[in-house]
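Undergrad: The following block contains the structure, expressed as structure tokens.
The values are calculated or read from the model by the stated rules, or taken from the named source; none is laboratory data. In this text the structure is predicted, and so the values were computed from the model without any measurement. Cβ: placed from backbone, ideal geometry, glycine included. Neighbour counts: every protein chain shown. Protein only, heavy atoms only, side chains kept; ligands, DNA and RNA dropped before computing areas. Shrake-Rupley method; radii C 1.70, N 1.55, O 1.52, S 1.80 Å.
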Amino acid sequence: MRSTPILIEARLLDGHTVHVRFADGTTADVDLSYLLEYGGVFEPLRDSAYFAQLRADAEAGTIVWPNNADIAPETLYAHAQSRAAASA
């Protein structure tokens with residue numbers, strides 16, 4: 001059984017802020033600019049046009065990019081929960 005709800009929507013708002021919605025109803029606008037500090041597979045995300053190519057991947061349960069970079073589902077969900085709680 002999966003412990004983290006599946007991400008069902010990821011939509012770029014502006015810059016590096018993404019609106020996310022999970023299967024359990026959790027929704028939030030999360031700032032993913034911290035990913036730009038990482039190299040390797042995250043290096044292409046510094047290009048805003050490339051960053052904008054993000055998508056929700058139901059199989060992975062998280063956000064992915066064309067080069068298979070992704071965010072750990074647990075991490076993304078924790079960010080969303082934190083943001084949702086802060087705006088409640």
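Undergrad: Can you find, within the stretch 11-23, the residue that is least open to solvent (accessible area, probe 1.4 Å) among those that are among the β-branched types (Val, Ile, Thr) and under 13 Å from residue 51 (Cβ atoms)? I'd like the intermediate steps shown before the answer.
TA: In the first step, residues of the stretch 11-23 are kept if they are among the β-branched types (Val, Ile, Thr); the result is 17-18, 20.
Narrowing further to those that are under 13 Å from residue 51 (Cβ atoms): 17-18.
On the way: 17: 37, 18: 0 Å².
Checked the stretch 11-23; the qualifying residue least open to solvent (accessible area, probe 1.4 Å) is 18.
Undergrad: With respect to residue 83, is the statement that it is without any contact (Cβ under 8 Å) to a residue 40 or more places away in the chain and not acidic (Asp, Glu) true?
TA: No, not satisfied.
Undergrad: For residue 52, only one of the following conditions fails: (1) within 15 Å of residue 78 (Cβ to Cβ); (2) touching a strand residue (DSSP E or B) at 6+ places or on another chain (Cβ under 8 Å). What is its number?
TA: For residue 52, the failing item is (1).
Undergrad: Further question on the same structure: Which residue pairs have Cβ atoms under 8 Å apart, sit 6 or more places apart or on different chains, and have a first residue in the stretch 51-72 that is under 15 Å from residue 21 (Cβ atoms) and among the acidic types (Asp, Glu) and a second that is open to solvent by less than 20 Å² (accessible area, probe 1.4 Å) and not in a helix (DSSP H, G or I)?
TA: As it stands, the answer is 57/7; 57/63; 57/64, since those pairs meet every condition given.
Undergrad: Filter the stretch 24-83 down to residues that are acidic (Asp, Glu), at pLDDT 95 or above and under 18 Å from residue 12 (Cβ atoms) and give me whichever is surrounded by the most Cβ atoms within 10 Å (Cβ to Cβ).
TA: Going through the qualifying residues, I end up with 70.
Undergrad: Which residues, counting only those in the stretch 29-50, are in contact (Cβ under 8 Å) with a residue 12 or more places away in the chain and not polar (S, T, N, Q)?
TA: Matches in the stretch 29-50: 29, 30, 31, 32, 35, 36, 41, 42, 44, 45, 50.
Undergrad: When the stretch 1-41 is examined, which residues are found to be hydroxyl-bearing (Ser, Thr, Tyr) and over 14 Å from residue 76 (Cα atoms)?
TA: Matches in the stretch 1-41: 38 only.
Undergrad: Here is a further query. Going through the stretch 64-76 one residue at a time, which ones are closer than 12 Å to residue 35 by Cα and in a strand (DSSP E or B)?
TA: 70
Undergrad: Here's something else I'd like to know. Answer yes or no as to whether residue 13 is under 20 Å from residue 67 (Cβ atoms) and either among the hydroxyl-bearing types (Ser, Thr, Tyr) or over 10 Å from the mean Cα position of the chain (by Cα) (or both).
TA: Details: under 20 Å from residue 67 (Cβ atoms): no; either among the hydroxyl-bearing types (Ser, Thr, Tyr) or over 10 Å from the mean Cα position of the chain (by Cα) (or both): yes.
Taking the combined requirement at face value, the residue does not satisfy it.
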